[in-house]
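Notes for the one structure printed next.
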Amino acid sequence: MKNRLTELFEKKKKDVLAVYYTAGYPSLDDTEVIGKTLVKAGTDIIEIGIPFSDPIADGPIIQASNKVALDNGMQVSLLLEQVKALRSQVSAPIVLMGYLNPVYQYGIHKFLIDAKAAGVDGLILPDLPAKEYEDNFKATCESLDLSVIFLLTPTTSLERRNKVDQLSTGFIYAVSASSTTGNSKSFDENQLHYFETLKTQKWRNPVLIGFGISNHETFSQACQYSAGAIVGSAFIKALEQSKDIKQTIQTFVKVLRGNL
Amino acid sequence: MKYTVDESGFYGNFGGAYIPEMLYPNVEELRLNYLAITEQKSFNEEFQHLLREFVGRPTPLYFAQRLSERYQAHIYLKREDLCHTGAHKINNTIGQILLAKALGKSKIIAETGAGQHGVATATVCALMGLDCTVYMGKLDMERQKPNVERMRILGARVVPATSGNQTLKDATNEAMRHWINNPTDTHYIIGSVVGPHPYPDMVARFQSVISQEIKIQLIDQTGNPTPDYVVACVGGGSNAMGAFYHFLQDDHVQLIGVEAAGHGVDSGESAATTALGKPGILHGSKTLLMQTQDGQVIEPYSISAGLDYPGIGPIHAHLFETERASFINITDEEAMQAGIMLSRTEGIIPAIETAHAIAALDKLQFDKDDVVVLNLSGRGDKDLETYIRWGKY
Ligand SMILES: Cc1ncc(COP(=O)(O)O)c(C=O)c1O
């Protein structure tokens, strides 16, 4: 069976919406219902966070969701079980995002195989160095047809951008600003200039813009320069304040897409 | 040189640069420049000048007569406690501030546990007129109050880290996040031989002045540059690395790293990383790490803020794995008693971090002729409140 990310981007080149949430947040068993509702509401890619005790690339909102998820008892093995259950109900691509250490302790090879078996299509491991990827991940990921998505930022050199494109499969994660995760209300001129350079570069992979996508305005702006955008902190914040998760998700996605 | 860092930033199985892309340009800038800059003649002249005139180096290698009688060996104390600001930490901050200036940075950030590295950073920032922000765990701000005020007097901003156990690990997380958010004008002065390559190597080089001096001073005092033992406490491991550095290749010299056992290695409240840790990845390097089976970092505990860290520098993980160094651990209680013992035996009140190294003398078996160098990494002024609260003196 074909990698669902590849399939998606063959069909859809614009306005792709990926939403990040932390597995096990707000409650341990919410992983499944959140994923299902997101897809129903019109999300194209589900990005599920593997919680970690020391998420250095994350701002306060995602840090807090990681902590709650761990306090709730989330573990990698349970997360993979939940993903498997979710997979049986949705056909959208599922991407796991997490720091390297939990993956490393689970066992790299075992993790890749179990993730694939659970129905995962891609991985984002922000602290995975290129060399470590090439030495210990690449062969297995290729044989399993599991995408690995690398990040680039406004300060990534042109040479390295090309390397990121070479290494990545599925898509490229373009971080919108030199920052940790968190939402800004709008993009400034420098960011728009950077987006412009993303748009004009010839890539092997589709590009999704993430970090600081918080509302319809930022989502549609990002989409003008790329295949789509990734929302994280703003969604976690909505969950945090939610009394009815399903309703919150429906509304959140609608608002983001400008259908409300 | 099998104990130095290799081309890709590893010491054997440990080290590397496991950083998110957001940090890559900063770390890469350092990696590409640190050797070229620090090997320049002008850099070295200024570094040596400041170590001599500002820090007060060389620090004495003091033959501790009464301590030697007590332990029946020749015990020398390397007096890093006499450095300006009261600990070895300033050797590194002088080096890094000069590097930051050479790279054209205008702002400095740092993490601190005991506050010694924070004070040493605030001091060199004042000296150079650079903006300074120090992250410190909220708990550590309470237990090392005098150092918080020292940093503020020196003009630094002290920002409490409120996540986790509110100690050194959490302060390091916050400093890294700050660096991600301020990538161009800011240099991050890491305080120990931890973090992504090239930090462990860079900090080790700046601290290596300690063992460089020990060799010369031993020749003067004993006629022989090599001791039988070098003993030092290990939080991240910078003072230990400085004291070991020039003896690494000499297998005759036994290197002893002393970690904090907290309430005991098996108590669940400990920071004895080599005893409790497994290989893992934190703060940008692969090293020994206290963690759960699921790869979550375990909150460490020690009475000493400077040793209260769940990892160790990757070079120490390598020295442990290759058995080039031995590691022992010391409980809170043993350390506090050793601190009092040294105060009354030699008239030196040590930092509680250092007191762990002193307590290790009780655990080692010396021959009468053995020459033992103990790295007295810092003085106890900052710890008076902890000594008072402990109260058994
Ligand atoms: C006096 C003293 N010794 C030792 C340490 C531990 O650090 P390291 O292991 O890097 O020398 C500290 C840290 O704050 C310190 O203040």
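Can you report the number of residues in the range B:152-178 which are at negative phi and either within 11 Å of chain A (Cβ to nearest Cβ) or open to solvent by 40 Å² or more (accessible area, probe 1.4 Å) (or both)?
Within the range B:152-178, residues that are at negative phi and either within 11 Å of chain A (Cβ to nearest Cβ) or open to solvent by 40 Å² or more (accessible area, probe 1.4 Å) (or both) number 18.
Being within 10 Å of chain B (Cβ to nearest Cβ) and at pLDDT 95 or above is the requirement here; does A:L125 meet it?
Yes.
Taking the range A:216-256 on its own, how many of its residues are crowded, with 17+ Cβ neighbours inside 10 Å and either modelled with pLDDT under 95 or farther than 23 Å from A:E32 by Cβ (or both)?
10
With the condition kept exactly as written, say whether any residue in the range B:279-291 is buried (at least 20 other Cβ atoms within 10 Å of the Cβ), away from chain A (no Cβ under 14 Å) and of a type outside the set (G, A, S).
Scanning the range B:279-291, I find no residue that is buried (at least 20 other Cβ atoms within 10 Å of the Cβ), away from chain A (no Cβ under 14 Å) and of a type outside the set (G, A, S), so the answer is no.
Return yes or no: is A:T169 touching a residue at least 24 places away in the same chain (Cβ under 8 Å), crowded, with 21+ Cβ neighbours inside 10 Å, touching a Ser or Thr at 6+ places or on another chain (Cβ under 6 Å) and under 18 Å from A:Y20 (Cα atoms)?
Against the criterion (touching a residue at least 24 places away in the same chain (Cβ under 8 Å), crowded, with 21+ Cβ neighbours inside 10 Å, touching a Ser or Thr at 6+ places or on another chain (Cβ under 6 Å) and under 18 Å from A:Y20 (Cα atoms)), A:T169 does not qualify.
Tell me, which strands (runs of 3 or more DSSP E) lie completely within the range B:171-263 with 2 or more residues that are not assigned by TED's automatic domain parsing to the domain that holds B:F63?
On the way: elements: B:186-188, B:229-233, B:254-262.
Those strands (runs of 3 or more DSSP E) span B:186-188.
Filter the helices (runs of 4 or more DSSP H) completely within the range B:1-119 down to those with at least 2 residues that are assigned by TED's automatic domain parsing to the domain that holds B:K145, crowded, with 16+ Cβ neighbours inside 10 Å and within 16 Å of the ligand (Cβ to nearest atom).
By residue number, B:89-102.
Residues to consider are B:I256, B:I312, B:I330; find the one that is more than 14 Å from every other protein chain (Cβ to nearest Cβ), over 16 Å from the mean Cα position of the chain (by Cα) and within 16 Å of the ligand (Cβ to nearest atom).
Answer to the check: B:I330.
Checking B:M136 against (1) within 18 Å of B:E299 (Cα to Cα); (2) open to solvent by 10 Å² or more (accessible area, probe 1.4 Å); (3) more than 14 Å from every other protein chain (Cβ to nearest Cβ), only one condition comes out false. Which one?
Among (1) within 18 Å of B:E299 (Cα to Cα); (2) open to solvent by 10 Å² or more (accessible area, probe 1.4 Å); (3) more than 14 Å from every other protein chain (Cβ to nearest Cβ), B:M136 violates only (2).
Take the conditions open to solvent by 10 Å² or more (accessible area, probe 1.4 Å), assigned to a helix (DSSP H, G or I) and within 14 Å of another protein chain (Cβ to nearest Cβ) and apply them to A:V68. Does it pass?
yes
Condition check ((1) touching a residue at least 40 places away in the same chain (Cβ under 8 Å); (2) within 13 Å of the ligand (Cβ to nearest atom)) across all residues:
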position: B:L276; (1), (2): no, no
position: B:I281; (1), (2): yes, no
position: B:D294; (1), (2): no, no
position: B:G306; (1), (2): yes, yes
position: B:H318; (1), (2): yes, no
position: B:E321; (1), (2): yes, no
position: B:G339; (1), (2): yes, yes
position: B:G347; (1), (2): no, no
position: B:A357; (1), (2): yes, yes
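Among the residues of the range B:151-166, is there at least one that is more than 21 Å from B:C83 (Cα to Cα), outside any helix (DSSP H, G or I) and within 14 Å of the ligand (Cβ to nearest atom)?
no
Here is a check on your reading of the model: is B:Y188 over 14 Å from B:L282 (Cα atoms) and aromatic (F, W, Y)? Before the answer, list the steps.
Details: over 14 Å from B:L282 (Cα atoms): yes; aromatic (F, W, Y): yes.
Yes; evaluated as a whole, the condition is true for this residue.
Which one of these does A:S53 not meet: (1) among the polar types (S, T, N, Q); (2) more than 23 Å from B:L282 (Cα to Cα); (3) in a loop (DSSP other than H, G, I, E, B)?
In the conditions (1) among the polar types (S, T, N, Q); (2) more than 23 Å from B:L282 (Cα to Cα); (3) in a loop (DSSP other than H, G, I, E, B), A:S53 misses (2) alone.
Looking at A:D15, is it touching a helix residue (DSSP H, G or I) at 6+ places or on another chain (Cβ under 7 Å) and surrounded by fewer than 20 Cβ atoms within 10 Å (Cβ to Cβ)?
yes
All but one of (1) within 19 Å of A:N101 (Cβ to Cβ); (2) more than 14 Å from chain B (Cβ to nearest Cβ) hold for A:Q63; state the number of the condition that does not hold.
(2)
What is the residue count in the range A:150-166 for residues that are more than 11 Å from chain B (Cβ to nearest Cβ) and under 26 Å from A:D114 (Cβ atoms)?
Selection size over the range A:150-166: 0.
Specify which of the listed residues (B:A317, B:A271, B:A357) is closer than 26 Å to B:L67 by Cα and more than 14 Å from chain A (Cβ to nearest Cβ).
Testing whether each residue is closer than 26 Å to B:L67 by Cα and more than 14 Å from chain A (Cβ to nearest Cβ) leaves just B:A357.
Residues that are within 14 Å of chain A (Cβ to nearest Cβ), more than 10 Å from the ligand (Cβ to nearest atom), over 13 Å from B:V373 (Cβ atoms) and open to solvent by 10 Å² or more (accessible area, probe 1.4 Å): does the range B:197-207 have at least one?
The answer is yes, given that some residue of the range B:197-207 is within 14 Å of chain A (Cβ to nearest Cβ), more than 10 Å from the ligand (Cβ to nearest atom), over 13 Å from B:V373 (Cβ atoms) and open to solvent by 10 Å² or more (accessible area, probe 1.4 Å).
The values are calculated or read from the model by the stated rules, or taken from the named source; none is laboratory data. Please read these numbers as outputs of a predicted model, since none were measured by experiment. FYI the Cβ positions are ideal-geometry reconstructions off the backbone, even for glycines, and counts take in every protein chain you see. We work out accessible area using only protein heavy atoms, side chains counted, and drop any ligands, DNA or RNA first. Shrake-Rupley method; radii C 1.70, N 1.55, O 1.52, S 1.80 Å.
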